[in-house]
Structure formats: C-alpha cells, structure tokens
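Trainee: This is the structure, below, for whatever I ask next.
The values are calculated or read from the model by the stated rules, or taken from the named source; none is laboratory data. Remember, it's a predicted structure, so these values are computed and weren't measured experimentally. Every residue, glycine among them, receives a Cβ derived from its backbone with ideal geometry; neighbour counts consider all protein chains shown.
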C-alpha cells in the first residue's frame, strides 16, 4: 500500500543573518531578483532517506549581465540546445534551469559549477559523467512558464515534473489519445471545475515516473495508469507489461502544488518500503530544511494513489 503525500509550498522569505556568528560571506547579503542566490558557500547533505526539491520563480527577467554569467556556466552542447528553442521565453527558462542545476549540484559537492559534465542514457535522461566521485547524486529537472525546479537525491533514481495552472487545453481529447482508458473515464466523471486540475495531476505523475525510470516520453503515456482517490481506501496495484514491468512498492509518489499556480509531481525510488522525506527548498531564499514534506506551514493530506503498469 502506498500513501502519497499532498502538500502546498508557499514562499516565505527569510532574512539573511547579520549578527554575531553569521557567515561573513553572507552577512548583510541582499540577493538580486531571480534565482542566482543559489550560488553560495557551504555544502548541503542529503539524508539517506531524503530527497531535496528546489524551486525558483523565473518570471522576473534578470539583468543581461547576470544572464551572461549564467550562460558562461554551460557547456557548448548545452548552449547549442538552448539555441534550438523556438521561443525566447522557453530559451530563458531553459537557461535558468540548466545554470541553477549546476549551481545546486555545487552545493552538494566541492565542484565549481562550470566543471560538471553530463551524459545521457539511450533515452536522453541526463546524469553526471564527471567528476566520477559525484555520480551518486541523481537529479531531475523540470521547468514551465514562470518556474524552474530541480529534484536531487543520493543513490536513488528520481523524476520530477511541474506544470502551470490553469490548464486551458482540451483535457478529454488529450486523455482519449494519450491516457489509459481508466484515466480517461475517471476524468469524464469529474465536474468541469475539477477536471483540468486532475488532468495536470495525472500528466505530471506520468512524466515524473517515466523520467525516474529513465525512458522519458519514449514510452507511451498510456503504458502507465494512475488512479487518485482522496479517501485512503485503495491499494496500489500493478499489471506488468513488456515495456514498463515494475513493482509499485519500489516507488514513492508525491503530488502537490507550489503556490497557487503550479502542480508538481515527484517519483522517488525507495527500498524495503522506506518512506522518503521530500524536503522542499526555495532556491532564492534557501530556508533551512524542515521536517516532513515541506517548509513550516505546509499542509499535507493523505490520499491513495493506484499505479497500474500495462
């Protein structure tokens, strides 16, 4: 049985320490608008039963000088990929996501952001190539209009997806084409006011899981079917298939929101039925880790998530 957590993250700025004992490099610091404040001194530690979810708003344009600094962190391949974006807004969000990933990884290992080297598996999932000593760090990156997020863990596969609200697309038409019959039927049974949110919840769960598995959208979305029941009465069930055979107890799924405008889903590998503590961190203000699934004030409700793999 799996009990996914539901949570909401609200932005709660914290003032930098200025008194005696404060880090001299941070004393009196006032971060510039944006997410560049993740590049600070000190190393983070991930507990053996933790994963860290970092998020940052990208809807405030950074100064050209700061953008050039971020772009200088990237490899030639990364810059070439950015140049292939059709829209400037997507290129901007992609630049921030890649640069912030490098800066965040450098919070966990004594490696300058420019020295990270990445490789991809056969399906395009990125992972650390160099330095070899840091390959235990696993990560997943997602960005959408106005938000970039990074999920980091140690020695366990993870997947992350974020999507913006409201969703104005044709939910039922998309579900009929890409979702399982059970998911499409469940969407039809909802009220119009509930359908768009549930659609995004299902979509983000699917993408997070497929990213964690390392296959991305090379696998058809209807090959994994989620059911969400707000009453904790249903077990997670699985029907193994040729392309996505798996055991549901191998994964922990968390579903929630960042503020009022974003749906977030994570898939985190676990072992022996352990419960992973998902620690949410604001990449701009970098609050201290809090117990549970998020910072103080985070609301968590229980629900039952059924996973069927075909």
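Trainee: Output the residue which, of all residues in the stretch 119-135 that are farther than 16 Å from residue 210 by Cα and in contact with a helix residue (DSSP H, G or I) (Cβ under 8 Å, 6 or more places away or on another chain), is surrounded by the most Cβ atoms within 10 Å (Cβ to Cβ).
Mentor: 128
Trainee: Could you list all residues from the stretch 192-206 that are within 13 Å of the chain's Cα centre (by Cα) and under 16 Å from residue 257 (Cβ atoms)?
Mentor: Taking the stretch 192-206 and keeping what is within 13 Å of the chain's Cα centre (by Cα), we get 204-206.
Answer for the stretch 192-206, where residues must be within 13 Å of the chain's Cα centre (by Cα) and under 16 Å from residue 257 (Cβ atoms): 204, 205.
Trainee: Just a yes or no: is a residue in the stretch 184-192 surrounded by 14 or more Cβ atoms within 10 Å (Cβ to Cβ), more than 19 Å from residue 264 (Cβ to Cβ), touching a helix residue (DSSP H, G or I) at 6+ places or on another chain (Cβ under 8 Å) and touching a residue at least 40 places away in the same chain (Cβ under 8 Å)?
Mentor: As a first pass, look at the stretch 184-192 and keep what is surrounded by 14 or more Cβ atoms within 10 Å (Cβ to Cβ): 184, 186-187, 190.
Those left that are additionally more than 19 Å from residue 264 (Cβ to Cβ): 184, 186-187, 190.
Filter again for touching a helix residue (DSSP H, G or I) at 6+ places or on another chain (Cβ under 8 Å), leaving 184, 186-187, 190.
Those still in the list that are touching a residue at least 40 places away in the same chain (Cβ under 8 Å) too: 186.
Taking every residue of the stretch 184-192 in turn, at least one turns out to be surrounded by 14 or more Cβ atoms within 10 Å (Cβ to Cβ), more than 19 Å from residue 264 (Cβ to Cβ), touching a helix residue (DSSP H, G or I) at 6+ places or on another chain (Cβ under 8 Å) and touching a residue at least 40 places away in the same chain (Cβ under 8 Å).
Trainee: Output yes when any residue across the stretch 46-60 is more than 21 Å from the chain's Cα centre (by Cα), outside any helix (DSSP H, G or I) and either surrounded by 16 or more Cβ atoms within 10 Å (Cβ to Cβ) or modelled with pLDDT of 90 or more (or both), and no when none is.
Mentor: No; the residues of the stretch 46-60 include none that is more than 21 Å from the chain's Cα centre (by Cα), outside any helix (DSSP H, G or I) and either surrounded by 16 or more Cβ atoms within 10 Å (Cβ to Cβ) or modelled with pLDDT of 90 or more (or both).
Trainee: If residue 138 passes every condition in (1) over 16 Å from the mean Cα position of the chain (by Cα); (2) surrounded by 18 or more Cβ atoms within 10 Å (Cβ to Cβ); (3) under 20 Å from residue 45 (Cα atoms); (4) free of Cβ contacts under 8 Å to residues at least 24 places away in the same chain but one, which one does it miss?
Mentor: Among (1) over 16 Å from the mean Cα position of the chain (by Cα); (2) surrounded by 18 or more Cβ atoms within 10 Å (Cβ to Cβ); (3) under 20 Å from residue 45 (Cα atoms); (4) free of Cβ contacts under 8 Å to residues at least 24 places away in the same chain, residue 138 violates only (1).
Trainee: Let me ask something else. Of all the residues that make up the stretch 121-135, how many are part of a strand (DSSP E or B) and touching a residue at least 60 places away in the same chain (Cβ under 8 Å)? So that I can check it myself, show each step before the final result.
Mentor: At the first step, the residues of the stretch 121-135 found to be part of a strand (DSSP E or B) are 126-130.
So of that shortlist, the ones also touching a residue at least 60 places away in the same chain (Cβ under 8 Å) come out as none.
Result for the stretch 121-135: 0.
Trainee: Output the number of residues of the stretch 243-289 satisfying the condition of being in contact with a strand residue (DSSP E or B) (Cβ under 7 Å, 6 or more places away or on another chain), within 24 Å of residue 100 (Cα to Cα) and modelled with pLDDT under 80.
Mentor: 4
Trainee: Further question on the same structure: Could you please let me know if residue 238 is surrounded by 14 or more Cβ atoms within 10 Å (Cβ to Cβ) and at pLDDT below 70?
Mentor: Working: surrounded by 14 or more Cβ atoms within 10 Å (Cβ to Cβ): yes; at pLDDT below 70: yes.
Judged against the criteria, residue 238 is a match.
Trainee: Filter the stretch 155-183 down to residues that are buried (at least 18 other Cβ atoms within 10 Å of the Cβ) and part of a helix (DSSP H, G or I), then give me how many there are.
Mentor: Residues meeting the conditions: 3.
Trainee: Name every residue in the stretch 193-222 that is part of a helix (DSSP H, G or I) and surrounded by fewer than 17 Cβ atoms within 10 Å (Cβ to Cβ), in order of residue number. Don't jump to the end; show me each part of the working.
Mentor: Our first condition is that a residue be part of a helix (DSSP H, G or I); within the stretch 193-222, this holds for 193-213, 216-218, 221-222.
Within the stretch 193-222, 193, 194, 197, 216, 217, 218 qualify.
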